[in-house]
Amino acid sequence: MKQILKNNLKCLATVFTVAILFMGCKDNYERVGEEAVKPIFPQGVAQNFTLTYTEAKKEMSTEDLSNSKIIAILTSPITEDFDNQSFKFRTFPKGLKVDFFDEKNQKSVITADYGIVYSQTNLIDLQGNVVIESHDGKKLETPQLFYDRANSWIFTEEVFTYTNPEDGTVMDGEGMDFNKDFSFFKAHKTYGLMTIKEKE
C-alpha cells in the first residue's frame, strides 16, 4: 500500500512539474512571413489610363511650339502608383498595351496581362501572355519579358515563340535578349522549325 502511494505521489509530482514548465514558457517566436508583412497601398489609382511619350527634335523653351515626335503610347484599364514607397513602382494589374513608333513612324505593339514599372531602375516587367508585334509582321510570344528602358534592351529567361514571316521562320526557345527594333537578336536555347533561303 505504501509503495502504491509512493508511486502515485511520484506520478503526481511529475505531472505537476511538467504543467508548471508548460505554463511558465512564453512564446518568444518572432513572427515572419505573412504575419509580418505590412500591407501597402498606392498613393493614386487611375482608370482608363493613357500616357503618351514624346521626344523633341531640339530643346524647347517655355513658349516654344516646336514639333515633338510621339515615340510611344501606353494604355491600360487601370494603373496603381506606388511612388509613396521607398522603392518606387507603378503596376498595371489588368494589363497594358504599348504602341511604339520608330523614326519612320512605323508602329509596333506590345501587350501583356500584367505590368510593373520600377521607376528608379528604369526596368519594366511584363507578365502573362506577353506579345510583341513589329511593324513588319515579326511576332514574339512569351509568358514574361523585361525591358531595360535606359539601354533599350529586352530580355527573358522564359520559353518563347518567335515568328518571322519574311523568311518563314518559326523559332521556339528558352531565354533570349534583343534590342527594341529586332536588329540584334540572341536566343540562349532554340528548337523548332527553321527555313533557310538559298541564294539565287
query = What residue, among those in the range 144-170 that are of a type in the set (G, A, S) and over 17 Å from T190 (Cα atoms), is most open to solvent (accessible area, probe 1.4 Å)?
reply = A150
message = It is to be established whether one or more residues within the range 55-65 are in contact with an Asp or Glu (Cβ under 9 Å, 6 or more places away or on another chain), part of a strand (DSSP E or B), surrounded by 10 or more Cβ atoms within 10 Å (Cβ to Cβ) and at pLDDT 55 or above.
response = yes
query = Applying the selection to the range 115-133, what residues are closer than 25 Å to K189 by Cβ and either aromatic (F, W, Y) or open to solvent by 20 Å² or more (accessible area, probe 1.4 Å) (or both)?
reply = L123, I124, Q127, G128, N129, V131, E133
ask   = Residues in the range 43-53: is at least one open to solvent by 100 Å² or more (accessible area, probe 1.4 Å) and modelled with pLDDT under 75?
value = no
task = Give the number of residues within the range 100-114 that are part of a loop (DSSP other than H, G, I, E, B) and open to solvent by less than 30 Å² (accessible area, probe 1.4 Å).
result = 0
query = Exactly one of (1) within 30 Å of G44 (Cβ to Cβ); (2) free of Cβ contacts under 8 Å to residues at least 12 places away in the same chain is unmet by K104. Its number?
reply = (1)
task = Would you be able to tell me the number of residues in the range 171-193 that are out of contact with any His (no Cβ under 7 Å at 6 or more places or on another chain), open to solvent by 60 Å² or more (accessible area, probe 1.4 Å) and at pLDDT 80 or above?
result = 4
inquiry  = Scan the range 135-143 and tell me whether some residue there is modelled with pLDDT under 85 and either more than 17 Å from A112 (Cα to Cα) or open to solvent by 70 Å² or more (accessible area, probe 1.4 Å) (or both).
reply    = no
task = Tell me which of these N84 doesn't satisfy, since it passes every other one: (1) modelled with pLDDT of 90 or more; (2) closer than 21 Å to T121 by Cβ.
result = (1)
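The values are calculated or read from the model by the stated rules, or taken from the named source; none is laboratory data. Predicted model only: the values in this text are computed from it and were never measured. Here the Cβ is made from the backbone with ideal geometry for all residues, glycine too, and neighbour counts use every protein chain on show. Please note that ligands, DNA and RNA were not included when accessible areas were found on the heavy atoms of the full protein model with its side chains. Shrake-Rupley method; radii C 1.70, N 1.55, O 1.52, S 1.80 Å.
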